[in-house]
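In what follows, a structure is listed as structure tokens, so that the remarks can point back to it.
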Amino acid sequence: MADSYDEECDYLFKAVLIGDSAVGKSNLLSRFATDEFRLDSKPTIGVEFAYRNVKIGDKIIKAQIWDTAGQERFRAITSSYYRGALGALLVYDISRRTTFRNVKKWMHELREFGNLDMVVVLVGNKSDLGDQRREVSEEEGRNLAEMEGLFFMETSALENVNVEEAFLRMITKIHEITSQKCL
Ligand code: GDP
């Protein structure tokens, strides 16, 4: 199991958060990031990012996670947002079906701008609303993920359920792939 560490890192990599507005991306990120959470110095891109050091085996990995900071509303996300990213959390809101329908649109964008072998976790957020306001079943989420070759997880940023697990799944897989490439 990976823990959080403040020491110098062995690897640094970038990952991005994508998905419709108000699905919970910022809340997921601030739950996960115990380190810094700050505005990027490139206002033209207008993103925020946070760091988190994670220990896997004997290696310390510094994950730099980018958030759109509301820019998805204005369709201002460009290739610079995706450039160099090795992973993505593609988030929808289980209580709003439109956000699930738009997953295909986000996948399209990922394929256009992102790395071909990016590790993507499909995240159905707001699982705490599951009993009363669910519009997308867990099975639908899982099926879509399977079809698209993604990992899948339902989370609640509000109740801190599976948030750590979703990020760590992505980070662990990226580590697996990149350390193999180094052989
Ligand atoms: P973003 O636009 O995707 O970054 O979404 P935000 O993180 O700003 O969240 C949008 C709204 O959804 C806010 O009102 C949050 O409080 C709420 N929210 C985020 N995550 C959850 C969650 O897991 N459960 C519930 N019930 N509300 C959430």
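The values are calculated or read from the model by the stated rules, or taken from the named source; none is laboratory data. For clarity, every value in this text was computed on a predicted model and none was experimentally measured. Quick reminder, even Gly has a Cβ in these numbers, built from the backbone with ideal geometry, and neighbours come from all protein chains shown.
Could you list all residues from region 116-132 that are in contact with a Phe, Trp or Tyr (Cβ under 8 Å, 6 or more places away or on another chain) and within 11 Å of N162 (Cα to Cα)?
V123, G124, N125, listed by residue number.
Enumerate the helices (runs of 4 or more DSSP H) found wholly within region 128-183, keeping only those where 1 or more residues are more than 16 Å from the ligand (Cβ to nearest atom).
Because the criterion is at least 1 residues that are more than 16 Å from the ligand (Cβ to nearest atom), the helices (runs of 4 or more DSSP H) in region 128-183 that meet it are 138-148, 163-181.
Show the residue pairs that are 6+ apart or on different chains and have beta-carbon atoms under 6 Å apart, the first residue being within region 18-36 and more than 17 Å from I94 (Cβ to Cβ) and part of a helix (DSSP H, G or I), the second being at pLDDT below 90 and near the ligand (Cβ under 9 Å from one of its atoms).
Here the result reads S26/D67; L29/D67, each pair linking region 18-36 to a residue that is at pLDDT below 90 and near the ligand (Cβ under 9 Å from one of its atoms).
What number of residues within region 86-96 are away from the ligand (no atom under 14 Å from the Cβ) and surrounded by fewer than 23 Cβ atoms within 10 Å (Cβ to Cβ)?
1
Can you report the number of residues in region 1-41 which are at pLDDT below 85 and touching a helix residue (DSSP H, G or I) at 6+ places or on another chain (Cβ under 8 Å)?
3
Residues that are within 14 Å of A22 (Cβ to Cβ) and touching a Ser or Thr at 6+ places or on another chain (Cβ under 8 Å): does region 98-115 have at least one?
There is no residue in region 98-115 that is within 14 Å of A22 (Cβ to Cβ) and touching a Ser or Thr at 6+ places or on another chain (Cβ under 8 Å).
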